[in-house]
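First comes the structure, then the notes that go with it.
The values are calculated or read from the model by the stated rules, or taken from the named source; none is laboratory data. Note that the structure is predicted; figures quoted are calculated from it, not measured. Using ideal geometry, Cβ is built from the backbone for each residue, glycine included, and neighbour counts are taken over all protein chains shown.
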Amino acid sequence: MSKIIYLSVCSLLLLLLCACNPYPNQKQYDDTTTSGNIKIACDQTFYNIIDGELDTFHALYKYAHIEPTYCSENEAFKSLLIDSSRIIIVSRMLNNEELEKFKSEKITPKQLHVATDAVAFIVNENNVDSVFTPTQLQQILSGEILDWNQISKQNKSGQMLLVFDDVYSSTARYAKEIINRGKEIKGNVFAVNKSEEVIAYVKSHPNAMGVVGQLYK
């Protein structure tokens with residue numbers, strides 16, 4: 001078991017490349033909203049909710065097939081830029097450089113805010129601390145707090161280990177850009193491969209703190 005602390009919110013966005021394209025040198029598609037095949041890339045932080053939505057969609061529309069790839073946020077954007085995915089589900093808008101690339105190819109991407117997620121900091125169930133201030137979390141991310149006894153003297157968990165789901169995940173980016181105010185994350189920090197591995201690590205390590213998306217829990 002693990003305890004969960006929620007902090008802040010981040011947007012869940014649907015980024016869609018416009019299917020109608022008047023330029024003959026670019027791909028043409030004849031899919032409809034209820035038929036055809038499409039490949040999408042999704043930030044693996046949103047796996048639980050998107051996987052459930054796809055099960056329902058496929059049960060309702062037997063002539064439509066959506067093939068998802070669950071990956072890091074960074075990989076999702078790359079797949080959109082090279083057109084290996086026509087839709088991506090991520091937590092940020094396209095930046096200016098990405099928009100310019102689409103503009104140069106005369107493509108107008110559509111961006112839609114569909115939901116809001118939260119960043120969850122999780123600790124082992126045996127950890128005596130589960131309430132943190134925003135300042136403490138920023139100090140943990142900046143490397144100022146390295147031991148659990150810096151949170152409270154009665155905490156004997158020892159050296160703090162900070163675990164992310166992926167180096168290029170939306171949670172890692174959000175933690176750096178928003179919580180740590182754009183500074184590099186320091187201290188005893190490492191990344192595994194996906195959110196479920198973060199949860200498993202925290203369950204088995206009393207001194208760990210994991211960072212995942214609230215939708216994944």
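Assorted remarks:
- Within region 40-62, considering residues that are within 14 Å of residue 88 (Cβ to Cβ) and not in a helix (DSSP H, G or I), the one farthest from the chain's Cα centre (by Cα): 40
- Verdict on residue 199 being buried (at least 16 other Cβ atoms within 10 Å of the Cβ) and touching a helix residue (DSSP H, G or I) at 6+ places or on another chain (Cβ under 7 Å): no
- Test: residue in region 115-127 that is over 19 Å from the mean Cα position of the chain (by Cα), touching a residue at least 60 places away in the same chain (Cβ under 8 Å) and surrounded by fewer than 18 Cβ atoms within 10 Å (Cβ to Cβ): yes
- Qualifying residue in region 95-103 (condition: of a type in the set (A, V, I, L, M) and over 30 Å from residue 83 (Cβ atoms)): no
- Among (1) assigned to a loop (DSSP other than H, G, I, E, B); (2) out of contact with any helix residue (DSSP H, G or I) (no Cβ under 8 Å at 6 or more places or on another chain); (3) outside the structural domain of residue 152 (by TED's automatic domain parsing), the one test that residue 130 misses: (3)
- Screening residue 103 with (1) in contact (Cβ under 8 Å) with a residue 12 or more places away in the chain; (2) not assigned by TED's automatic domain parsing to the domain that holds residue 203 gives one miss only, at (1).
- Inter-residue pairs, beta-carbon under 7 Å, first in a loop (DSSP other than H, G, I, E, B) and in region 167-196, second crowded, with 19+ Cβ neighbours inside 10 Å and polar (S, T, N, Q), 6+ apart: 168/72; 169/45; 169/72; 194/44
Residue by residue, here is whether (1) in contact with a His (Cβ under 7 Å, 6 or more places away or on another chain); (2) at pLDDT below 95; (3) exposed (fewer than 14 other Cβ atoms within 10 Å of the Cβ) holds:
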site: 142; (1), (2), (3): no, no, no
site: 146; (1), (2), (3): no, no, no
site: 153; (1), (2), (3): no, yes, yes
site: 157; (1), (2), (3): no, yes, no
site: 163; (1), (2), (3): no, no, no
site: 170; (1), (2), (3): no, yes, no
site: 179; (1), (2), (3): no, yes, no
site: 185; (1), (2), (3): no, no, no
